[in-house]
1. Using a 10 Å cut-off on Cβ atoms, rank the peptides 167-173, 121-127 from the highest mean neighbour count down.
2. Can you give the extra length, in nm with one decimal, that the chain gains between S281 and D86 once fully stretched, where that is 0.36 nm per residue apart less the Cα-Cα distance?
3. Treating the beta-carbon of each Lys and Arg as +1 and of each Asp and Glu as -1, no other charges, what is the dipole magnitude of the chain about its Cα centre, to the nearest 20 debye?
4. On average, how much accessible surface per residue is there in the chain, in Å², for a 1.4 Å probe, leaving out ligands, DNA and RNA?
5. Based on the Cβ-Cβ distance of E308 and E154, what FRET efficiency does E = 1/(1 + (r/R0)^6) give at R0 = 25 Å, to the nearest 0.05?
6. Taking R0 as 30 Å, what FRET efficiency do you get between R23 and S263 from their Cβ-Cβ distance, rounded to the nearest 0.05?
7. Round to the nearest 0.05 the FRET efficiency obtained for E121 and E319 when R0 = 22 Å and r is the Cβ-Cβ distance.
8. Relative contact order of region 183-232, please, whole-number percent, based on alpha carbon pairs below 8 angstrom and at least 6 residues apart.
Amino acid sequence: MQDVIIIGAGPCGLSAAIECERRGLSTRIIEKHCLVHSIFLYPTHMQFFSTAEMLEIGDIPFPTSNEKPFRYEALAYYRKVAEHYDLAISQYEEALSLERKGDQSFVVETVDRTGTHHQYEARNVVISTGYFDHPNYIGIPGEDLDKVTHYFREAHPYSGMKVAIIGGSNSAVDAAMELIRVGAKIDMVYRGETVSENIKPWVRPVFEAMVQKGKITVHVQSHVTEISQDSVTIESKDGEISKVDNDFVLALTGFRPDRKLLSSCGVELDGDMEKPLYNTSTMESNVPGLYVAGVIASGRNANEVFIETGREHGVRIAEHITATK
C-alpha cells in the first residue's frame, strides 16, 4: 500500500509528490497522458507570463537565458525535476474510479494504454488533474466540423487562410499575433466590450496597433451563432447578423476541470462554480485523506489557481499527512 497516490503529473502534482517523498511518504503518480500534459498542449512557441523562478518546484533552479521562459524550456525543466527526484510516474494510465475503502484507505482503478486494468491502494489520495482535457464548448451548429479546434498549437497550417478566433483572452491574442506572421486574415469575435484587461502588457500595444492597421478585425460585444464549411455567422449585441467568409475556427473559449473523481468519492462541490470543499490550510477535502492540488481546487474558475500558486499546495498536503500519520 502506498502512503499517497497522486492523480495528475502536472507541475502541481509533481510538487506534491516531491514534498511527500521528502517527508518519507511513499508516492505514485497516475497520469493519463504524458508528463506535464497541459504544458505540452500550450502553443508550440508560447512564452510564459511568469518568470522562471515562479515556475520552480522542489527547490530546483529553472535555468533560462530569457526574461520569461518558453514552453519548450518548461517541458525540459519538469522532465529533469521528475528525473532528479526519481518520481514513480505511471504515464498513459487513466484513473477510472476512486473509492473509499473503510476509514483507512482508498482504492484507485486505472487502465493503461494497452487496455490492462490496475488497482492501487493508498492511505491518501491527491487529485491534481488540471483542466486542459475539457474545453468549454459553445454549443452552436457547426462546432463539430473538422475546421474547428479548441487548441491552437502553431500558425503554419493557417498560412494565407481566413481564420475566426472566438475569445478575447491572452490565448486568443497570442494566436492572432502568430497568425499575422503567416499572412492569415483574422476575425476575432468576443462577447466583451474590449479584449481582456489581463492581456500581457508587452503584447497589448502591438496587438492594438495591428487592429488599427486592419491586420485583425475585432468584433466586440458579439458572438458566433453558426459555423459552416465556408463561413461563420456573427451576431452583434444589437442583433445585427453578418456572415463572414472563413476557412478555420479557433474556439479559444477556455477549459474546465473534470470533477468526476471528486464527486464520486463524496467531495462536496460548492455552488454554480462547483468549487470543491476543502481546508485551505491543508488542501484536505471534506473526505478525510482526499486532497486537491492545483487548478482543480478552483472549481470552474480556471483563472484562480496557476502554477505559481498551485505549486505550494504540495507543501501543505505533505505536512498535513505527515502530522496525522
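1. 121-127, 167-173
2. 67.4 nm
3. Rounded to the nearest 20 debye, it is 400 debye.
4. Value for the chain: 48 Å² per residue.
5. FRET efficiency, E308 to E154: 0.50.
6. According to the calculation, E is roughly 0.55.
7. 0.45
8. Over region 183-232, the number comes to 53 percent.
The values are calculated or read from the model by the stated rules, or taken from the named source; none is laboratory data. Quick caveat, the model's predicted, so the values are computed rather than measured. All Cβ positions, even for glycine, are placed from backbone atoms using ideal geometry, and neighbour counts span all protein chains on display. These accessible areas exclude ligands, DNA and RNA; they are computed on the full protein's heavy atoms, side chains included. Shrake-Rupley method; radii C 1.70, N 1.55, O 1.52, S 1.80 Å.
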